[in-house]
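Where a number appears in this text, it was derived from the coordinates with a stated rule and is not lab data. Bear in mind the structure is a predicted one, so any value in this text is a computation, not a measurement. Counting neighbours? That spans all protein chains shown, and the Cβs are built from the backbone with ideal geometry, glycine included.
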Amino acid sequence: MFLLIGRFGLAVGALLVIGGALTVFLNPPGSAESVISVVTVGIGALVVALGLLALLLERKRHE
């Protein structure tokens with residue numbers, strides 16, 4: 001179960017980080033869109049970290 005959650009978390013997190021990082025550079029600094037893009041990158045990084053944690057827990061469970 002954790003394997004599926006981890007893979008999904010990595011995929012969604014990577015999508016958020018890549019999409020947010022691209023829009024950070026396209027929007028002018030200090031604008032509301034730029035701030036939202038930075039927040040999106042942070043949330044994506046958190047989701048990636050949780051996905052990795054789920055994968056590590058699944059690996060430990062099978063040992």
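Okay, here's what the table says:
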| read-out | value |
| --- | --- |
| 14 Å beta-carbon shell around residue 52, net charge (K/R +1, D/E -1) | +2 |
| Å³ per residue enclosed by the Cα convex hull of the chain | 53 Å³ |
| Label point 7 Å beyond Cα of residue 35 along Cβ direction - residues of segment 6-24 with amide nitrogen under 19 Å | 20-21, 23-24 |
| Value at 222 nm in deg cm²/dmol, rounded to 500, when DSSP H runs of n ≥ 4 in the chain each add -39,500 (n - 2.57) | -31500 deg cm²/dmol |
| Computed E for residue 56/residue 15 - FRET, C-beta separation, R0 25 angstrom, nearest 0.05 | 0.75 |
